[in-house]
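All remarks here apply to the structure that follows.
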Amino acid sequence: MLLEMSDIKKEYVLGPQKILALNGVSLSIDQGEFVSIMGASGSGKSTLLNIIGCLDLPTEGRYRIRGDDVSSFSEGRLADLRNLAFGFVFQTYRLMPRISARRNVEIPLIYRGYSAKERRERAIQALVDVGLEDRIEHKPTQLSGGQQQRVAIARALVGDPALILADEPTGNLDSKTGEEIMGIFQRLHEKRALTVVQVTHDPFMARHGTRLIQIKDGEIEGDSFILDRVFAEEILA
Amino acid sequence: MNGNPLGRLLNRLLFGIEAAFWGVSANKLRSAITILGVAIGVAAVVSLVAIGEGARLSIVRQFESLGTNLIKIESHHSSIRLTVADAEELTERVPSIDAAMPVVKADAQVKWRRDVTEAEIMGVTEEFPYIREHEVYSGRFFSHLHVEERIRVAVLGYKVATDIFGDRDPVGQRIYIGGEGFTVIGVMRPKGLGMADDVDSKILIPVTSAQRLTKSYRVNEIWVKANDRNSVDLAVVHISRIYRNKFNIGENIIPTESDMYRYDYYGYYETGNVSMKSSTHSDNLLTVTSMNELVKEADEANRVMTLMLGAIAGVSLLVGGLGIMNIMLVSVTERTGEIGLRKALGAKQGDLMYQFLVEAVILTGLGVILGLIVGNGVAELIHRYGIETVVTLRASYVAVTVALSVGVLFGVYPAYLASGMSPVEALRRE
């Protein structure tokens, strides 16, 4: 089992109020799955994704990655885990605006201590993989939304992670561009057997995965295989 | 993956520097404002302290232009008569002194050809150039023989010489002082404006000739030069004792330090067309004043001024520091999102601290360099407009230290706080 969560709770303190974002979530994700987490806004789906990606720690419950309990990890080990095992894709791309696509993609490799030459080679390869071979030295401000999200995917891919975590990756894109992004995820999932976990509120985008987890009020409401799966390649064809 | 951990560390360190340069160049306006803030703080301190220090130095120099280790003996009462013989007596009796010279001061009409002016006359001896440490510019000074034989020769202050003679060479010319003919034999080297006891605008004649002009054996002052710095105090005590016994005036003769300030206030009494100066002030009958003490006192007074300017500079440094702090806080806080992103991509707290440290060092370092350049430039400019300035290493050192530490502290501290947050929290702050 790649990931295992049991009875995860996450509480936020917001002024005098305590908000229970996750109320006892248990789930496990296996290598090679393409999981879509779906729910309304405020349902706790993003919180769940952040905890999966170790961007945030649960208040209660046990979270194991390949059998190791995350709560026992030091800050440094968590940083290494984020660097080596996860690739993040955000709704707003989160690229550094003033540096080139290539340099953005290089960032995760920096924290592995790769040499400039190695970083460069691998970043260019990752950009080629997402179809941006002619945009390598462009700055994010010179790129369209779809292209920017591709750069972000290249950045997530460059370190050969076990798991891609995407928070509303198509949320800021039109449907055709969104479909293209989904196509990239599906291709990576098929060809490289990459595990993908995406959060979305769009039922159609959710259907690109192999498994659907529905969340409501911080609890899992449904967990099922997707039978009527959508393939971006077919739609775009 | 690189196998060598040292190589990996080196790559990370190199990247920290690279990332810092990205950070600096990525937001040029913000960087420029930071550098400017630091520079203004440093420049203000450096130039203000330079002005204060310059003022102090110029006053000290003024007093020193009187001659070092100088002691003035001055009578303030008609019953206390100082004479030429007193000076000779002192030279014999006080071993801690080098030379003693009687001084007669008077105002007189000076006439050359048809031009008539008023000038201050000083009757002195051949020791004047030595005691006042003031050389002759052209011609020569009068000799012992001139004094002894009451020869009517005159040495002109530089300003008097140019006032009367213009471009002509005054040496060899004949002038009339108080109706008596004098031959000009020399001109003193200019001392410059604002120097104490402005010799530039005085005419120096042998004291004996001056006595004849004033029609009095009385001399106004006796100037004494002590052997060296250490014998000044001893000489003052010794001289005071001699006069106390001589005039039987007990404690009324006190070596003073501050009477010098009152030298400007003279009253006059007329004797024909020459008016002899007499001091109108002082509770003391006679004063024995060490100029070294005055220099020290003036120095002290000016140290207060330097301190005040230093305080102003300190405030400007504080303001500059607050500016640095502010811009650093804002710029780092504004980048919390970036810190969150970097954490999500695997940066450790140390990586981020390092990056921001290098960035702060670059920004404040550039600011400090600019500030030093501007500060020195301002001091130089003010100097060129005639106000003495002295750039001190100490002020620069303090300014640089404060600016660097404030810049680095407030560049790194918010980064430390931000990089200690969970990545989610930092990412949310965008």
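Looking at the structure I just gave you, is A:T170 surrounded by fewer than 19 Cβ atoms within 10 Å (Cβ to Cβ), hydroxyl-bearing (S, T, Y) and in contact with a Ser or Thr (Cβ under 9 Å, 6 or more places away or on another chain)? Spell out how you get there, then give the answer.
Values: surrounded by fewer than 19 Cβ atoms within 10 Å (Cβ to Cβ): no; hydroxyl-bearing (S, T, Y): yes; in contact with a Ser or Thr (Cβ under 9 Å, 6 or more places away or on another chain): yes.
No: the conditions fail for A:T170.
Which ones in the stretch B:4-14 are in contact (Cβ under 8 Å) with a residue 60 or more places away in the chain and within 8 Å of another protein chain (Cβ to nearest Cβ)? Quick ask: steps written out before the conclusion?
So in the stretch B:4-14, the residues in contact (Cβ under 8 Å) with a residue 60 or more places away in the chain come out as B:12-13.
Result: B:R12, single match.
Looking for something without any contact (Cβ under 8 Å) to a residue 60 or more places away in the chain, of a type in the set (A, V, I, L, M, F, W, C) and over 16 Å from B:I40 (Cα atoms) - is there at least one such residue anywhere in the stretch B:389-404?
Yes: one or more hits.
Pull up the stretch B:393-415, narrow it to residues that are among the hydroxyl-bearing types (S, T, Y) and surrounded by fewer than 16 Cβ atoms within 10 Å (Cβ to Cβ), then point me to the one that is nearest to the other protein chains (Cβ to nearest Cβ). Reasoning before the result, please.
Let us first name the residues in the stretch B:393-415 that are among the hydroxyl-bearing types (S, T, Y), namely B:396-397, B:401, B:405, B:413.
When the remaining residues are screened for being surrounded by fewer than 16 Cβ atoms within 10 Å (Cβ to Cβ), the result is B:397, B:401, B:405.
Numbers: B:Y397: 36, B:T401: 32, B:S405: 27 Å.
Here the answer is B:S405.
When the stretch A:122-146 is examined, which residues are found to be of a type in the set (G, A, S) and either within 18 Å of B:Q355 (Cα to Cα) or more than 14 Å from chain B (Cβ to nearest Cβ) (or both)?
A:G131, A:S144, A:G145, A:G146
Restricting to the stretch A:190-203, what's the tally of residues that are modelled with pLDDT of 95 or more and either open to solvent by 60 Å² or more (accessible area, probe 1.4 Å) or out of contact with any Ser or Thr (no Cβ under 7 Å at 6 or more places or on another chain) (or both)?
3
Hey, could you check the stretch A:55-100 for residues that are buried (at least 19 other Cβ atoms within 10 Å of the Cβ) and over 28 Å from A:R122 (Cα atoms) and say which is farthest from the other protein chains (Cβ to nearest Cβ)?
The residue in question is A:Y63.
Restricting to the stretch A:107-124, give me the number of residues that are open to solvent by 50 Å² or more (accessible area, probe 1.4 Å) and in contact (Cβ under 8 Å) with a residue 24 or more places away in the chain.
1
Whether any residue in the stretch B:328-346 is open to solvent by 70 Å² or more (accessible area, probe 1.4 Å) and either more than 14 Å from every other protein chain (Cβ to nearest Cβ) or within 20 Å of B:S47 (Cβ to Cβ) (or both) is what I want to check. Can you show your working first?
Initially, the stretch B:328-346 is screened for residues open to solvent by 70 Å² or more (accessible area, probe 1.4 Å), giving B:330, B:333-334.
Those still in the list that are either more than 14 Å from every other protein chain (Cβ to nearest Cβ) or within 20 Å of B:S47 (Cβ to Cβ) (or both) too: B:330, B:333.
Yes, the conditions are met somewhere in the stretch B:328-346.
For the stretch B:129-144, does any single residue satisfy the condition of being hydroxyl-bearing (S, T, Y), part of a strand (DSSP E or B), surrounded by fewer than 17 Cβ atoms within 10 Å (Cβ to Cβ) and in contact with a Phe, Trp or Tyr (Cβ under 8 Å, 6 or more places away or on another chain)?
Yes, some residue in the stretch B:129-144 is hydroxyl-bearing (S, T, Y), part of a strand (DSSP E or B), surrounded by fewer than 17 Cβ atoms within 10 Å (Cβ to Cβ) and in contact with a Phe, Trp or Tyr (Cβ under 8 Å, 6 or more places away or on another chain).
Restricting attention to the stretch A:23-49, report how many residues are without any contact (Cβ under 8 Å) to a residue 12 or more places away in the chain and either within 14 Å of chain B (Cβ to nearest Cβ) or under 16 Å from the mean Cα position of the chain (by Cα) (or both).
Residues meeting the conditions: 0.
Name the single residue that is nearest to B:V103 (Cα to Cα) among those in the stretch B:141-162 being of a type in the set (A, V, I, L, M) and touching a residue at least 12 places away in the same chain (Cβ under 8 Å).
Let us first name the residues in the stretch B:141-162 that are of a type in the set (A, V, I, L, M), namely B:145, B:147, B:151, B:153-156, B:160-161.
Then drop every residue that is not touching a residue at least 12 places away in the same chain (Cβ under 8 Å), which leaves B:147, B:151, B:153-156, B:160-161.
Values: B:V147: 12, B:I151: 16, B:V153: 16, B:A154: 15, B:V155: 15, B:L156: 16, B:V160: 19, B:A161: 21 Å.
Among those residues, the one meeting the criterion is B:V147.
Pick from the stretch A:28-54 the residues that are under 24 Å from B:E425 (Cβ atoms) and hydrophobic (A, V, I, L, M, F, W, C): which of them is most open to solvent (accessible area, probe 1.4 Å)? Break it down stepwise before answering.
Here is the first cut: in the stretch A:28-54, the ones under 24 Å from B:E425 (Cβ atoms) are A:37, A:39-54.
Add one more test, that the residue is hydrophobic (A, V, I, L, M, F, W, C), and what stays is A:37, A:40, A:48-49, A:51-52, A:54.
Working: A:I37: 1, A:A40: 67, A:L48: 0, A:L49: 8, A:I51: 1, A:I52: 2, A:C54: 4 Å².
Residue satisfying both the conditions and the ranking: A:A40.
Take the conditions open to solvent by 20 Å² or more (accessible area, probe 1.4 Å) and either in contact (Cβ under 8 Å) with a residue 40 or more places away in the chain or away from chain A (no Cβ under 12 Å) (or both) and apply them to B:L48. Does it pass?
On the way: open to solvent by 20 Å² or more (accessible area, probe 1.4 Å): yes; either in contact (Cβ under 8 Å) with a residue 40 or more places away in the chain or away from chain A (no Cβ under 12 Å) (or both): yes.
Criteria met by B:L48.
Return the residue satisfying two criteria in turn: it lies in the stretch B:16-44 and is at the interface with chain A (Cβ under 10 Å from one of its Cβ atoms) and in contact (Cβ under 8 Å) with a residue 12 or more places away in the chain, and of such residues it is surrounded by the fewest Cβ atoms within 10 Å (Cβ to Cβ).
B:N27
Name the one entry in A:R119, A:R103 that is in contact with an Asp or Glu (Cβ under 8 Å, 6 or more places away or on another chain), part of a helix (DSSP H, G or I), within 11 Å of chain B (Cβ to nearest Cβ) and not hydroxyl-bearing (S, T, Y). I'd like the intermediate steps shown before the answer.
Values: A:R103 fails: in contact with an Asp or Glu (Cβ under 8 Å, 6 or more places away or on another chain).
Only one candidate qualifies: A:R119.
What number of residues within the stretch B:1-53 are under 19 Å from B:V332 (Cβ atoms) and of a type in the set (D, E)?
1
The values are calculated or read from the model by the stated rules, or taken from the named source; none is laboratory data. Since the structure is predicted, the reported quantities are computational estimates derived from the model, not experimental observations. All Cβ positions, even for glycine, are placed from backbone atoms using ideal geometry, and neighbour counts span all protein chains on display. Keep in mind that these areas ignore ligands, DNA and RNA; they rest on the heavy atoms of the full protein, side chains included. Shrake-Rupley method; radii C 1.70, N 1.55, O 1.52, S 1.80 Å.
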